[in-house]
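Everything below concerns the one structure shown next.
Just so it is clear, none of the values below were taken in a lab; they were calculated from the coordinates. What you are looking at is a predicted structure, and each value in this text was computed from that prediction instead of being measured. So basically every Cβ, Gly included, is an ideal-geometry build from the backbone, and we count neighbours across all protein chains shown.
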Amino acid sequence: MTLSARITGSGSYLPAKVLTNKDLEGIVDTTEDWIYSRSGIRQRHIAAEGEFTSDLALAASREALRSAGRAPSDVDLIVVATTTADQVFPSTACLLQQRLGIHGCPAFDVQAVCAGFLYALDVVYRYVATGASRCALVVGAETFSRILNWEDRTTCVLFGDGAGAMVIEASESPGILSSHIHADGAFKDLLCVPVGVSTAYQEVLDGRAYTEMQGKEVFRWAVSTLGDAVIEILDANGIEKGEIDWLVPHQANIRIIKAIAKRLDLSMDQVVVTIDKHGNTSAASVPLAFDTAVRDGRIRSGDQVIFEAFGGGFTWGSMLVKI
Ligand code: ACO
């Protein structure tokens, strides 16, 4: 029998330091109003010096395990989605495993930038559905502030740091109903950090590996691709728009989020929006938004939820989940 992969717990973590749009007026040539009106962002959290992606991942994971009523020793698979790993290697998943005191289970990172969490959850879903894992920990964690050029107003105002985690367990009742992930490397230059350890080691060493984005083009592709992705998931499951209780979207831009809600005929009351407080936390954004809405009581057991995300690559995906 094929098992379901159910979300049995979630957790999240945001660094203490808050950087407001007003603060950014003192860093680059921008205004509070420009940032909010173009993106929906009012503030973002920034990791402290000496605070790394694995620290954020650890805090979110502990919360997720606590809410699932699980101990670290129950975990038999760890997958971390991140663009901003602590080290070239070992993977952030291995660093997290060590800090949780877990030994022996598989642990690896997945890199799909802002769609990374959906990629990681897709992998975990397939492990659990085939019986290869019974209790998995899946995390999206980013210190995206470390790959921003704080002199480039077109990018540095958009991103923030954070982490979200879920515990996924094998179950006989429905959980993740279907998952659809995609990529098209033809768009590699529209949204990227164009250097890495193989091409420009010195720039990486000097902390000059910066995010570059052709915002208008990315915006256009995100709206059309994500619009198609949410329709793909309805069609794949033979369900109508009215059967969706919640949309938990990647938080890149409130205008993109509203466009996707419209494709689904959802009112904004059925959309989890955290972009105003978190900014774009890349791979952390979907699990952070999910955990926020579970903890404040909006998303409840039995609800039918769509996750969607779009990121550099391009990479994108959508998932239908019964909570
Ligand atoms: N403050 C003030 N002015 C600014 C700023 C700023 N921070 N940034 C740009 N401007 C200026 C531009 O220079 C431009 O000036 P000009 O007309 O004199 O040339 C003007 O504002 C308009 O800029 P646009 O780029 O046209 O603004 P737009 O309305 O497209 O909004 C934005 C920009 C917010 C970046 C939007 O295009 C967007 O959200 N794009 C998609 C982002 C996204 O979804 N990313 C995907 C996920 S991220 C990942 O995977 C890592």
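Values as computed for the structure displayed
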{"item": "Net lengthening on full extension, Asp303/Asp269 (0.36 nm per residue, minus Cα-Cα)", "result": "10.8 nm"}
{"item": "Order of Asp161, Asp276, Asp55 - criterion: other Cβ atoms within 10 Å of each residue's Cβ, fewest first", "result": "Asp276, Asp55, Asp161"}
{"item": "Volume of the Cα convex hull of region 169-323, divided per residue and given in Å³", "result": "141"}
{"item": "Helical segments meeting 27 Å axial Cα length and Kyte-Doolittle 0.5 threshold in the chain (DSSP H)", "result": "none"}
{"item": "Long-range HN-HN contacts of Ser178 with modeled amide H, under 5 Å", "result": "Leu320"}
{"item": "Fluctuation leader among Gly140, Gly311, Gly196 - the chain, Gaussian network, Cα springs under 10 angstrom", "result": "Gly196"}
{"item": "Pairs of lysine residues in the chain - Cα separation under 30 Å, sequence separation of 8 or more or cross-chain", "result": "23"}
{"item": "Charge dipole of the chain about the Cα centre (unit charges at C-beta), most positive-ward option of Trp316, Gln251, Thr130", "result": "Thr130"}
{"item": "Environment charge of Ala165, counting only residues whose C-beta is closer than 9 Å and scoring Lys/Arg +1, Asp/Glu -1", "result": "-1"}
{"item": "Helix-only [θ]222 nm of the chain, DSSP H runs n ≥ 4, -39500 (n - 2.57) each, per residue, nearest 500", "result": "-9500 deg cm²/dmol"}
{"item": "Distance between region 113-168 and region 212-281 - C-alpha centres, whole angstrom", "result": "17"}
{"item": "Placed amide H near Ser133: partners under 5 Å, 5+ positions off or other chain", "result": "Val128"}
{"item": "Cα-Cα separations in region 179-265 greater than 16 Å, expressed as whole percent", "result": "64"}
{"item": "Cut-off 15 Å (backbone N to label point 7 Å along Cα→Cβ of Asp33), residues of region 265-305", "result": "none"}
{"item": "Test item: Cα-centred dipole of region 192-323, Lys/Arg +1 and Asp/Glu -1 on Cβ, debye", "result": "260"}
{"item": "Choice from Ser178, Ser73, Ser54 showing the highest fluctuation, given a GNM over the chain with Cα pairs closer than 10 Å", "result": "Ser73"}
{"item": "Within the chain, percent of DSSP bridges classed antiparallel, to nearest 5", "result": "70"}
{"item": "P(r) histogram, all alpha-carbon pairs of region 32-181 included - 10 Å bins from 0, percent", "result": "11, 38, 31, 15, 4, 0"}
{"item": "Sorted largest first, extent of region 214-286 alpha carbons per principal axis (Å)", "result": "34, 25, 20"}
{"item": "Rounded to 5, percent antiparallel among DSSP beta bridges of region 178-322", "result": "75"}
{"item": "Region 132-226 - Rg (one decimal) and Dmax (whole number), Cα, Å", "result": "17.7, 52"}
{"item": "All-pairs alpha carbon distance profile, the chain, 10 Å steps from 0, percent", "result": "6, 29, 37, 22, 5, 0"}
{"item": "Selected from Ala115, Ala64, Ala284 as most flexible by GNM, with the chain as the system and alpha-carbon contacts under 10 Å", "result": "Ala64"}
{"item": "Positive dipole terminus of region 4-173, leading residue within Ile78, Thr155, Gly116 (C-beta point charges)", "result": "Ile78"}
{"item": "Region 178-322, relative contact order in percent, only Cα pairs under 8 angstrom and at least six apart counted", "result": "35"}
{"item": "Qualifying GluC sites (Glu not before Pro) for region 202-307 [loop in DSSP, other Cβ within 10 Å: at most 16]", "result": "Glu240"}
{"item": "Fraction of antiparallel bridges per DSSP, region 4-173 only, in percent to nearest 5", "result": "70"}
